[in-house]
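First comes the structure, then the notes that go with it.
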Amino acid sequence: MIQSVLDKRLSVWEKYCLQQCFVVPEGFTLPKANESAGDSPMDLDAFSDQELDVQLDSLRNKLASVGKENAKLNRELCSLERQIVSSNHFAGSVNEALKLYEQHSVRDMFEELMKTASELRKKMEQLKTKRLEQTDRLRTEKMHISNGDLFAMNHGDGMAYKRQCSWSAIRSLR
């Protein structure tokens, strides 16, 4: 019984090997017994080996150039990825600024601008008034100075009063 099962399985294996493993390709012919030694397929293979070596070298060169191009493209890809990251960061900043802008309505900003403008206008008017008053005061002081006594103008140095007194004394001596 074991022998019959083993024979059956071996016959299946033999059939498979004959159909799949030992199949002769189409166009294959066995060499004839009367062929000369110079025309043997082995000599023809020597010529084709040289051709194959040339083709192999050509393919190696192409592979090297494709490898270089691949490295270049990988560098470019990394550069583009860095640009994308920076663009996304910039876009995030712009979006954040836009959100802040949207939070403060245009009307609120306009009202704040008007308030600031009115405060600026008031301060400018106060400054203008102050300058006019100062100019009038200086003119009045110049008018009270007698006979071109320019030293009598007091700019806060403390010496003007003494100079005025000395000029008064000189005038009285005349």
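The values are calculated or read from the model by the stated rules, or taken from the named source; none is laboratory data. Note that the coordinates shown come from a computational prediction; the quantities given were computed from them, not determined experimentally. For the accessible areas, the whole protein counts, side chains as well, though only heavy atoms, and no ligand, DNA or RNA atoms are used. Shrake-Rupley method; radii C 1.70, N 1.55, O 1.52, S 1.80 Å.
In table form, for the structure just shown:
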read-out: Extended-chain gain in nm, criterion 0.36 nm per residue less alpha-carbon gap, Arg107 and Asp7; value: 26.1 nm
read-out: Rg/Rh for the range 1-138, where both radii come from Cα atoms and Rh is the Kirkwood radius; value: 1.69
read-out: Qualifying lysines (Cα of each under 27 Å from Cα of Lys72; at least 8 residues distant if same chain); value: Lys62
read-out: Rounded accessible area of Leu132 (nearest 10 Å², 1.4 Å probe); value: 100
read-out: The range 59-109 - Kirkwood radius from inverse mean 1/r over Cα pairs (Å); value: 14.3
read-out: Solvent-accessible surface (1.4 angstrom probe) belonging to Ser58, in square angstrom, nearest 10; value: 50
